[in-house]
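The values are calculated or read from the model by the stated rules, or taken from the named source; none is laboratory data. This one's a predicted model, so the numbers in the text were calculated from it and none came from an experiment. Please note: Cβ atoms are built from the backbone with ideal geometry, for glycine as well, and neighbour counts cover all protein chains shown.
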């Protein structure tokens, strides 16, 4: 891997460039992106020069697609047929089945390996890029027909970036992320929507830190989420229906004044994902 | 106000003591609480000595009830009948109607003024106390039959602590908080409960920062929330039903692939509560 190309020099793409550098990668890093993203990427050192997708296909051993899901799908249509056998294409899209399916249709000679770094920040854009963005975070790879050698090579680099690489099938990835990422997004949006529709202006004034936590995701741009939801609709609707079922159970528990069992199971899960010991602890409100 | 007593020297109570000190209060601050809370309060300087509720009633011009809602209700039964006319009792409970009703039944000669600081932290306890906890945060007062002078006096102190004092009726407070505090708690718990019931262990492994945001409140102790829900059940069930309605609309929008309108309204609300300009911005995932 002498030359890397990053398509989509936003938060994830630029962080990948910076992280590669920090981990010792000394080759060229081409950036395929909009002029302002290229400029920010050059300034931070995430990329060494701008390139077209065609130039990237010619010279890069690894092409990293860090665009929104819908853009990854169209990039694969262009890139797939022209990338040579020496090239590994990987992506950082939030859903995997549709992307992997598209790759199997369009990528001819190159290898393709689906990926999804579970990393993010409050704000997007190359300016927010961080060489340690992937450190300690899960990084899903969905190896299918990828050649063994470039896959091993990428996996090694991701581990050098500090990521916890987890292999899953595209379908399992999408089923799990429907619960751990897409459902939280829907709930945050639905909560903010519920409050937006209240006529009493005090709902936007009298609140504590809890409301800010729970509405942060509602700031997300719909154009990014439309393609995530469109490419994982069934799993998302299933997750949402399971949530509604849980919600109805909790509503009954509120009516009966008996919250202990549901709160205990929820708190246990919330502690597990934080790697906290199982002794109880408090949150104020 | 020469002597203040704080009943319940936890995060809120101890922070109130520290904040008073920082704002220039030089009198005694009595603490009515469990031995470990008293010890932590003495160590941090939030209180000057331990006292019983009876001693507090005898000597304090202000008694600050910073206990969970159910404890405030029982404290009022004991304290109300013995507190003299020179005493102002206020509370920091998360619901107001039941507490104000209880006060109007039990507080004989003293004044009572319901209150609710919209402040909190991830972790509870006097050890986490912070003299700036109330700074820049809303602080609801629900003045009803409180005498004008002690009310003015308390309001002045709260403003010196940097709080944004907002006056509301107890009923309006409870209706608003059902949406801004109690509903977010229910959603966080229901989300964690939904994920806790998935058989695939990957739901506790493959996630990004969004899931941590959205399940933080699920760490809350049920004993605190049982009395909040019990004293605001109707408003909470209404808020939850309105959320379910919003959720069904959003579900339909996902099915139709048309998220723009709901996302736009939600993002606008999320920006308003953050005092952000109305230009769009991104959240990564």
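Here are a few things to note about the model shown:
- Total residues in region A:162-181 satisfying the condition of being in contact (Cβ under 8 Å) with a residue 60 or more places away in the chain and crowded, with 24+ Cβ neighbours inside 10 Å: the figure is 6.
- For region B:197-204, the condition of being touching a residue at least 60 places away in the same chain (Cβ under 8 Å) and more than 12 Å from residue A:274 (Cα to Cα) holds for none of the residues.
- The lone exception for residue A:90 - which of (1) touching a residue at least 40 places away in the same chain (Cβ under 8 Å); (2) in a helix (DSSP H, G or I); (3) in contact with a helix residue (DSSP H, G or I) (Cβ under 7 Å, 6 or more places away or on another chain) it fails: (2)
- Residue within region A:91-111 that is within 14 Å of chain B (Cβ to nearest Cβ), surrounded by 20 or more Cβ atoms within 10 Å (Cβ to Cβ), touching a strand residue (DSSP E or B) at 6+ places or on another chain (Cβ under 9 Å) and farther than 21 Å from residue B:211 by Cα present: no
- Selection status of residue B:175, closer than 30 Å to residue A:169 by Cβ and either outside any loop (DSSP other than H, G, I, E, B) or at the interface with another protein chain (Cβ under 7 Å from one of its Cβ atoms) (or both): no
- Checking the stated criteria, residue B:185 turns out to be modelled with pLDDT of 95 or more and at the interface with another protein chain (Cβ under 10 Å from one of its Cβ atoms).
- Meets criteria (closer than 14 Å to residue B:184 by Cα, within 7 Å of chain B (Cβ to nearest Cβ) and out of contact with any helix residue (DSSP H, G or I) (no Cβ under 6 Å at 6 or more places or on another chain)) for residue A:212: yes
- Evaluation of residue A:152 against the conditions (1) out of contact with any helix residue (DSSP H, G or I) (no Cβ under 6 Å at 6 or more places or on another chain); (2) outside any helix (DSSP H, G or I); (3) more than 30 Å from residue B:171 (Cβ to Cβ) shows that the sole unmet condition is (2).
- Condition met for residue A:38 (in the same structural domain as residue A:118 (by TED's automatic domain parsing), farther than 26 Å from residue A:231 by Cα, touching a residue at least 12 places away in the same chain (Cβ under 8 Å) and in contact with a strand residue (DSSP E or B) (Cβ under 6 Å, 6 or more places away or on another chain)): yes
- Residue count, region B:46-68 (criterion: out of contact with any strand residue (DSSP E or B) (no Cβ under 9 Å at 6 or more places or on another chain) and either free of Cβ contacts under 8 Å to residues at least 12 places away in the same chain or farther than 13 Å from residue B:7 by Cβ (or both)): 1
- Within region A:217-245, the residues that satisfy the criterion of being crowded, with 22+ Cβ neighbours inside 10 Å and within 7 Å of another protein chain (Cβ to nearest Cβ) are A:217, A:218, A:219, A:220, A:225, A:229, A:236, A:240, A:243.
- Only one of the numbered conditions (1) part of a helix (DSSP H, G or I); (2) within 7 Å of chain B (Cβ to nearest Cβ); (3) under 21 Å from the mean Cα position of the chain (by Cα) is not met by residue A:250, and that is (3).
- Set A:42, A:79, A:53, A:73: member being away from every other protein chain (no Cβ under 14 Å) and within 17 Å of residue A:144 (Cβ to Cβ): A:73
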